[in-house]
Amino acid sequence: MPEVKKVSEGIFEVVKDKKQLATKNLDPGKAVYGEKLIPVEGIEYRIWDPRRSKLGAMVLKKFDIPLKEDSKVLYLGAASGTTVSHVSDIVSEGAVYAVEFAPEV
């Protein structure tokens, strides 16, 4: 059985074969970009790859991420939405506005 440890508000470390950063999946059973889904005691977690997310890497480096369940977030440079999807998991009762103006990500 995987072990889950809270790292920050809405951000977790799931230990199965190795330690992996994760957020609770707001839409259980569905992956956003092909990420791994891990169920633990009735809660599904989405693995957050810090090599694909600067914000994820900051979490691993112990930066204070001031996101809360009811935060309002303006995310500029959303690209394909990988990181934004995890921010949305964290800000489950707030709002996330994502902007990407480039015609191609």
* Please tell me if F101 is surrounded by 10 or more Cβ atoms within 10 Å (Cβ to Cβ), part of a loop (DSSP other than H, G, I, E, B) and either modelled with pLDDT of 95 or more or not hydroxyl-bearing (S, T, Y) (or both). => no
* Structure fact -> Residue pairs qualifying under the 7 Å Cβ cut-off, at least six apart or on distinct chains, with the first in segment 13-34 being farther than 11 Å from S85 by Cβ and the second being of a type in the set (F, W, Y) and in a strand (DSSP E or B), are V14/Y45; A22/F12; A22/Y45; K24/Y45
* Of all residues in segment 1-41, which are among the hydroxyl-bearing types (S, T, Y) and outside any strand (DSSP E or B)? -> Y33
* Options A31, A22: the member that is modelled with pLDDT of 95 or more, in contact with a strand residue (DSSP E or B) (Cβ under 8 Å, 6 or more places away or on another chain), surrounded by 15 or more Cβ atoms within 10 Å (Cβ to Cβ) and not hydroxyl-bearing (S, T, Y) -> A22
* Structure fact -> If we keep only residues of segment 69-98 that are assigned to a helix (DSSP H, G or I) and in contact with a Phe, Trp or Tyr (Cβ under 8 Å, 6 or more places away or on another chain), then the residue surrounded by the most Cβ atoms within 10 Å (Cβ to Cβ) is H86
* Among the residues of segment 51-68, count how many are part of a loop (DSSP other than H, G, I, E, B), under 14 Å from the mean Cα position of the chain (by Cα) and over 22 Å from E104 (Cα atoms). => 4
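The values are calculated or read from the model by the stated rules, or taken from the named source; none is laboratory data. Note that the coordinates shown come from a computational prediction; the quantities given were computed from them, not determined experimentally. Backbone-built Cβ (ideal geometry, glycine too); neighbour counts: all protein chains shown.
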